[in-house]
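Structure first, commentary second.
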Amino acid sequence: MYLEHFGFNEYPFTLTPDTSYFLASNHHQAALNTLLVAVHTGEGFIKITGEVGTGKTLLCRQFLTQIDSINATRTQPQFVTAYIPNPYLTPHSLMLSLADELGIPLAPGVDQHQLLKTITNALMAFADKGRQVILCLDEAQAMPTETLEALRLLTNLETEKRKLLQIVLFGQPELDQKLQHHNIRQLNQRISFHYQLGTLNRSELEQYIEHRLKIAGYLGRPIFTRRAIAALHTASQGIPRLINILAHKSLMLSFGTGEHRIGPRQIGVAADDTEAAHKIRHPWPYFAIAVIILATVIGWGILK
């Protein structure tokens, strides 16, 4: 819609966790460093938590990309990775998913005992080849308690030197609460590395905006004024997902009025149109902006 207007090659503020847009802010770089150190030391459980929208999925994908890069530098790959984005599964279904991710062939209708035995043999085979298996679980706060316990039992598998399987849990703060449950206290004790993602401060937010615009192909002068950055930080509270939503809507508004810069006015209107955002004052009535957006969308549809 506004690509040509601003000179973008692609939309800079989509919600898709695209690793090409990853910015190593203080929190995200520290979390990534924690993950890399942890997997090199061979620890069983690693936990990354953060509020909704703080970039856990993007961090997870960047971590997996880094692991692929490490493998690419070696004659024999060091790591084997598995990624399960929705672990709201029974213990049996989780193990089936793990086997599928690792390319382990299974007999039809395999029972739990044979499934665990097959996975164990495969993990031993990877270890014999000097390969380390990492399982990443996103949205881990959604995992049933019995499935978390099954994960703990999987990490009991080990050689004399190290664990056969390392598990990285990415989840919302509710995961911390769940891990306090008496029935899985042993799992909580086994988490040797943990990092909690924070939000972006104002300076990091400005870098974040500039970085995403640059990756999208923008080469001109700053689009977002300093006052707009301040307003965006207030409205988003530094949460990357909200920053993306508000920035995208602000660009739509500027395109609709034929402007090429964004000030606090557009940010305020975008915040009014976003339930999760903190509201800030702005001089334009909401209904007028809604008319502009509608006209823009209709006009774009006609031109298209």
Selection from PHE22, ILE223, LEU3, by position along the positive dipole direction of the chain (Cβ): ILE223
By its C-alpha gyration tensor, with a ≥ b ≥ c as the square roots of the eigenvalues, how is segment 26-196 shaped: rounded for a/c under 1.5, else prolate for a/b larger than b/c, else oblate? oblate
The exposure ranking of LYS249, LYS214, fewest beta-carbon neighbours within 10 Å first, is LYS214, LYS249
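Express the relative contact order of the chain as a whole percentage, based on alpha carbon pairs under 8 Å and six or more residues apart in sequence. Intermediate results must be reported in sequence, preceding the final value.
Numbers: 449 pairs, mean separation 75.0, N = 304.
Computed over the chain, the figure is 25 percent.
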Roughly how tilted is helix 91-101, in degrees to the nearest 10 and between 0 and 90, from the longest Cα axis of the chain? 80
Among THR199, THR147, THR54, residue whose mean-square fluctuation peaks in a GNM of the chain (springs only between Cα atoms under 10 Å): THR147
Determine which residues of segment 172-211 fall in the zone a paramagnetic label at LEU15 would reach in this model, i.e. backbone nitrogen under 13 Å from the point 7 Å along Cα→Cβ. none
Between 0 and 90 degrees, rounded to the nearest ten: what's the tilt of helix 202-215 against the longest Cα principal axis of the chain? 90
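Using the count of nearby Cβ atoms within 10 Å as a rough guide to exposure, how do GLU4, GLU204, GLU51 rank from fewest to most? It would help to have the intermediate numbers written out before the result.
Numbers: GLU4 8, GLU204 20, GLU51 15.
Placing the least packed residue first, the sequence is GLU4, GLU51, GLU204.
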What is the distance in Å between the Cα centroid of segment 1-51 and that of segment 226-285? 22
Using helices alone, what [θ] at 222 nm do you get for the chain, with -39,500 (n - 2.57) per DSSP H run of 4 or more residues, divided over all residues and rounded to the nearest 500? -16000 deg cm²/dmol
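Calculate the FRET efficiency for GLU51 and THR145 from the Cβ-Cβ distance with a Förster distance of 22 Å, rounded to the nearest 0.05.
0.50
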Can you give the FRET efficiency to the nearest 0.05 for LEU106 and MET1, using r as the Cβ-Cβ distance and R₀ = 51 Å? 0.65
Label point at ASN71 placed 7 Å out along Cα→Cβ; residues across segment 142-175 whose backbone nitrogen lies under 18 Å: 164-168
Contact order normalised by length for segment 26-196, with contacts defined as Cα pairs under 8 Å and 6 or more residues apart; what percent is it? 37
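Charges only on Cβ, +1 for Lys and Arg, -1 for Asp and Glu: so what's the dipole of the chain about the Cα centre, in debye to the nearest 20? Write out the running numbers ahead of the final one.
On the way: 27 positive and 25 negative charges, 143 e Å.
Here the chain has a charge dipole of around 680 debye.
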Using the 10 angstrom Cβ neighbour count as an exposure proxy, how do PHE79, PHE63 rank, fewest first? PHE79, PHE63
Tell me which lysines have Cα within less than 19 Å of LYS214's Cα, excluding those fewer than 8 residues away on the same chain? LYS249
To make sure I understand the rule: partners must be lysines, Cα under 21 Å from the Cα of LYS117, and not fewer than 8 residues away in the same chain. Which ones qualify? LYS129, LYS161, LYS163
In Å, what is the Rg of the alpha-carbon atoms in the chain, and how long is Dmax? 23.0, 69
Based solely on C-alpha atoms, express the radius of gyration and the Dmax of segment 86-133 in angstrom. 11.0, 32
Quick check: the angle from helix 56-72's long axis to the longest principal axis of the chain, C-alpha only, nearest 10 degrees? 60
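Throughout, read-outs are computed from the coordinates displayed, never taken from laboratory work. Quick caveat, the model's predicted, so the values are computed rather than measured. No Cβ is skipped: glycine too gets one built from the backbone with ideal geometry, and neighbour counts run over all protein chains shown.
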